[in-house]
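Have a look at the structure below before the remarks.
Throughout, read-outs are computed from the coordinates displayed, never taken from laboratory work. Please read all numbers here as calculations on a predicted model, not as lab measurements. Please note: Cβ atoms are built from the backbone with ideal geometry, for glycine as well, and neighbour counts cover all protein chains shown.
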């Protein structure tokens, strides 16, 4: 039987996760611009409110108040739905993210599969948006996006296989518990970590994998024709993606909510777990932004051949070696 | 001109290039005994077909009938020893209003309503040659030479566009700088030069549609197919409003997926009629207009213009003024290269370097500002010198900058040049061979990236560059990466030159004191001598009078060889001012460099050839 | 089942409502769209586009799509294997080696045929 208390807890978790994820994603607009500014010897947005923090609000109001533009030559329903898809699929993925011990919207036993499935859906948004725009830049961006994302998805799944194999479960909380008993996965599964990190950047289309929008080549790539809040959704969708991938890296390879507990117990310990997860997540978000500040963009064919000729064999090799090691250890 | 052509001998021409440089100063080539290339041409074609003309710049100049011009040019390209392989420039002159046509100067010249002028350059001889064709108003046409030099293509289109001279046999004779809907040919003397002569401008919807329709690209016009057997080609307009084209450049790309089948650069969106403006400004008031041609090069443009003008007027520049000019020009070379460096990285998707290099550029601008009061377009040079002496404390500013920049450059090496992604994007991409580069008239760092050690500052010293020690950086492969390498090293060499300027700045006048063209004259003269005062008054209120003649002044500008070909008919301003810019040629090589590559490569190439739209369109 | 997926459903509902609500809010705030000839043109750097964006594309993209299908299906087969590996036996490993072996032969063939190069 489902008790009233369960329902309240579930609703609270849902609202909490949703609220925190969206707040972080929106906040990243400011964080990214300020961090980039620091690394580029300039100020960044510092005028609206203390430290320019209200810039997020100003941007939102601006996006909301923009004239809505659905190109008459575009495929109208697809054009409108596309940006919503990217946001919804990424948000859905947060459902399996364990925030702290026993705090998760749904601790599915197919958690990782669910995440991979949802992240695959994201590519629809880009492809449909680019296709519906009926604009050559959008189309080129969309074609690049589809080729890039499906290529990197193949080994994204493979790169996680080592973790699954060792932990013996797709459930994310099991993965964290295994790390609690043994060691953070980043050590035994270092190649897996690197591969997943790369695939994660490719999935979120961030530099050096930002070829689908490649501003200096394709103007704005797949979302060239988008404006106002529809563009805003691609924008927030990207930041949600960054947050999700960073949080997943933290959970899968860096022990999720694990960390020094300072003798705390009960709710305080849980809260500290959440803090640890947030800290780890932000470290990786920072790393994503640093990459954007530092790296140039490879060419499309180079990207594809790295994926197929390096990442894929490496992911397979990682899996086989892990399998062999697990077997010899268990003997 | 009845002299015996056989008396001409090329033996009198010194073989070593360094000696050739000296020969320019020996005086005008004697018309009675043509030597050098003039003699060779007379020997081959006879006195009827080639008639020499003396010019203030001592560049061998011949007139040839329109029927012979292809033959003469072909002979110059491949017939003579040490040939003229580089197509340097082609333009025309509307002679109809010229007060002192060359006929009156030298006697025996053909009369001409319109003159087409070709400039060729030979690196082997270290010499230009100028070939002129006289045309009557009733028969305005010349044969094309695009089969001899593909680089002539755009020049011939420009001649058609600006003068309405038909070029027979040209593969695509169409306007290049003006809109296709334009009426008339702007550089003709009867075309209005002022907006006020042309009625108020308006762009109603119908007119806009007409203009848009005229801009539409039709692949069939360029002999392009719309599809291959397996796929439809995409015809993509890259620009004029595009973040990667560095300005209003339009490139129409024929794409198969992301692969570039062919492309057509369309220029002219930045055309402001700089050459036409010269005709209604005085020699003096035109100086600030030149700043806007290569708008990243600042006073370097002044230098090119004044090099030609001072040759024409015979003005000598005092040592201090020369060193100030060199110092500021080299600082502007660094400024221009810094902009290029950052945007080059930006084109390759690297976001940060542009902020660093523009920051450094800002420090250089502080110096420029302290000296000139302006930043990008100081218009600081004057006939015979510079506008004012250096301010107090100028040397400390330079010393600080000289100490500041090298460590920064070292850091950028690490971020950009040694970055393996950058190398992957640029090495082996967009390369031309040395021979191609020479024929296409590629100059400057782009030429040196092909392994050719050629710098006009060293080979044809002007403005006193022979007094400075510096190296000519070169690279081997002529690809995007090597072009970048050369530019980065050039910045270090420019710093070296600036350092020498700072250490050895001569004392003395900052402007010629012995020329009436250099205003203002010395105070003590104006106080005692009414002649000086009146000349000064007329020179300033009316304009400086430059003796009739013509001269080409070409310098090693930031992007390559920038030349001003000035014609005076004894008036207060240019009768015709031709601006030959490096970017024009470089942009023309774009299809050759990009065919078969991918869209990102195109952007890498655009970034690496370092052009400025104003420098292309003028 | 409901116990587990119930919260997911609530989450789905809320997460789906959010973007729709934002779009709805924007509708209330924003000015009316006023078309002009320039605005209703596809963006192509300010020039009227020649030819439609939709046409037949180079076959390269389809090849990548086919590669994806092959290798992603392979990954799916690996997933259950990885979970069941909790009781490792040599047989399991050999079994998978055979499976991967067949696949790798195909992979090498593709590589040598140049299917992995973007030409």
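Overview of values
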| item | result |
| --- | --- |
| Degrees separating the helix A:111-133 axis from the principal Cα axis of chain A, which is the longest one | 10 degrees |
| Overall Cα dimensions of segment B:173-223 - principal axes, largest extent first, Å | 39, 28, 11 |
| For chain B, alpha-carbon Rg over 2.2 N^0.38 Å | 0.96 |
| Distance between segment B:416-451 and segment A:150-221 - C-alpha centres, whole angstrom | 38 Å |
| Two-decimal Rg to Rh for segment A:102-247 - Kirkwood Rh, Cα set | 1.04 |
| Computed helical MRE - 222 nm, chain C, DSSP H runs ≥ 4 contributing -39500 (n - 2.57), nearest 500 | -23000 deg cm²/dmol |
| Residue-averaged beta-carbon neighbours from other chains (10 angstrom radius) around A:67-76 | 4 |
| Shielding score for B:255-262, defined as the mean number of other chain Cβ atoms within 10 Å | 5 |
| Mean separation of Cα contacts under 8 Å (6+ apart) over length of chain A, as relative contact order % | 23 percent |
| Chain B - percent relative contact order, Cα under 8 Å, separation 6 or more | 15 percent |
| Gaussian network model of chain A, Cα within-10 Å springs - most flexible of A:170, A:287, A:253 | A:287 |
| Calculated P(r) tail over 17 Å for segment A:206-331, as whole % of Cα pairs | 73 percent |
| Neighbouring partner chain Cβ atoms per residue of B:91-100, average, 10 Å criterion | 0 |
| C-alpha center-to-center spacing [segment B:135-165, segment B:213-282] in angstrom | 21 Å |
| Convex hull per residue volume in Å³, alpha carbons only, for segment C:59-113 | 62 Å³ |
| Between segment B:495-533 and segment B:168-195, the alpha-carbon center distance in angstrom | 42 Å |
| Mean Cβ count within 10 Å, highest first, over the residues of peptides B:185-196, B:442-453 | B:442-453, B:185-196 |
| Space enclosed by the convex hull of the alpha-carbon atoms of segment A:9-58, per residue, Å³ | 71 Å³ |
| Residue with peak Gaussian network fluctuation, chain C [Cα springs, cutoff 10 Å], from C:71, C:61, C:18 | C:18 |
| Highest to lowest packing among A:272-284, B:218-230, scored as the average C-beta count within 10 Å | A:272-284, B:218-230 |
| Once the Cα gyration tensor of segment B:386-461 is diagonalised, semi-axes √(5λ) in Å | 33, 24, 9 |
| Kirkwood Rh, Cα atoms: Rg over Rh of segment A:72-330 | 1.00 |
| Highest to lowest packing among A:218-226, B:390-398, A:33-41, scored as the average C-beta count within 10 Å | A:218-226, A:33-41, B:390-398 |
| Estimated 222 nm signal from helices in chain B, with DSSP H stretches of n ≥ 4 weighted -39500 (n - 2.57), rounded to 500 | -11500 deg cm²/dmol |
| Alpha-carbon spread of the protein assembly as shown, three principal axes, descending order, Å | 116, 65, 61 |
| Nearest-ten-degree value, helix A:312-330 long axis tilted from longest Cα axis of chain A | 10 degrees |
| Percent of C-alpha pairs per 5 Å bin, segment A:209-283, short to long | 4, 15, 16, 15, 12, 10, 10, 8, 5, 4, 1 |
| Dimensions (Å) - segment B:499-618, Cα atoms, principal axes, largest first | 72, 41, 20 |
| Angle between chain C longest axis and helix C:90-113 axis [Cα atoms, degrees, rounded to 10] | 50 degrees |
